[in-house]
Amino acid sequence: MTKPRKYGDAGQAFPIYITVVGGLLFLAFAYFAVGQAAANRNDAQTAADAAALAAAQDRRDQLAGAWVQNLLDPTEWQDIFDGESDGLGLSCWRADQLAAQNDATVTSCAPDGTLGYTVVVETNDAVGNSIVPGTEDKKSQETATAVIEPRCAFELPTEEAGDDTLPPLICEGTEWELDPKGPEELLPKPEDLFDVHLAD
């Protein structure tokens, strides 16, 4: 006579199996939600970096233009290299452009001293649906600061040198002999005069 099979152990193990699988699925969805949020924050940081750099580069270009306009007056050069010159406009419009290209919106943009810009952006897209409550409409905000650093040094000419003599401009080891009567194309470019980078 064969003995009847015992299903008691298998029946007890099945609920445990379901619980374990459910727990693993929950963890998987939780990690996915964390990944979604991290990706959204990365997008926001990328947009903020690009926006801050764009604003600072526009400011650099304005300063370089002011230097060209004051080429014949070396006494004005140091103020320009310090970020100060009449007629400079705000550069936040460039931050708006670059943020939009990165699917984000500038929520705050302001000069950081005379040689920099700080920008805050918010992603246009939310984190999205996940198992974490309240994330569906949550957007990421990040901040970035870009700074402008002058690359050049010079010494003002003495009175004996004459009014038409411009001092050599030394930019990162490169000496520019400036000819006030020469073509503008031979003058240093904005990137020769100033470096633009994200703040550490």
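The values are calculated or read from the model by the stated rules, or taken from the named source; none is laboratory data. Just so you know, these numbers come straight off a predicted model, no measurement behind them. When we count neighbours, we look across all protein chains shown, and the Cβ atoms used for this are built from the backbone with ideal geometry, even at glycine.
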Would you be able to say whether some residue in region 84-98 is in contact with a strand residue (DSSP E or B) (Cβ under 8 Å, 6 or more places away or on another chain) and aliphatic (A, V, I, L, M)?
-> yes
Matching residues, region 46-75, being under 14 Å from Pro180 (Cβ atoms) and in a helix (DSSP H, G or I) = Trp67, Val68, Gln69, Pro74
If you scan region 178-200, which residues turn out to be of a type outside the set (A, V, I, L, M, F, W, C) and surrounded by 10 or more Cβ atoms within 10 Å (Cβ to Cβ)?
-> Asp179, Pro180, Gly182, Pro188, Lys189, Pro190, Glu191, Asp192, Asp195, His197
Among (1) buried (at least 19 other Cβ atoms within 10 Å of the Cβ); (2) farther than 19 Å from Cys152 by Cα; (3) modelled with pLDDT of 95 or more; (4) in contact with a Ser or Thr (Cβ under 8 Å, 6 or more places away or on another chain), the one test that Gly116 misses = (2)
What are the pairs, 6+ residues apart or on separate chains, where a residue within region 63-91 that is touching a residue at least 24 places away in the same chain (Cβ under 8 Å) and surrounded by 15 or more Cβ atoms within 10 Å (Cβ to Cβ) has its Cβ under 6 Å from a residue that is among the small types (Gly, Ala, Ser) and not in a helix (DSSP H, G or I)?
-> none
Somewhere in region 92-107, is a residue within 25 Å of Lys189 (Cα to Cα), at pLDDT 85 or above and outside any helix (DSSP H, G or I)?
-> no
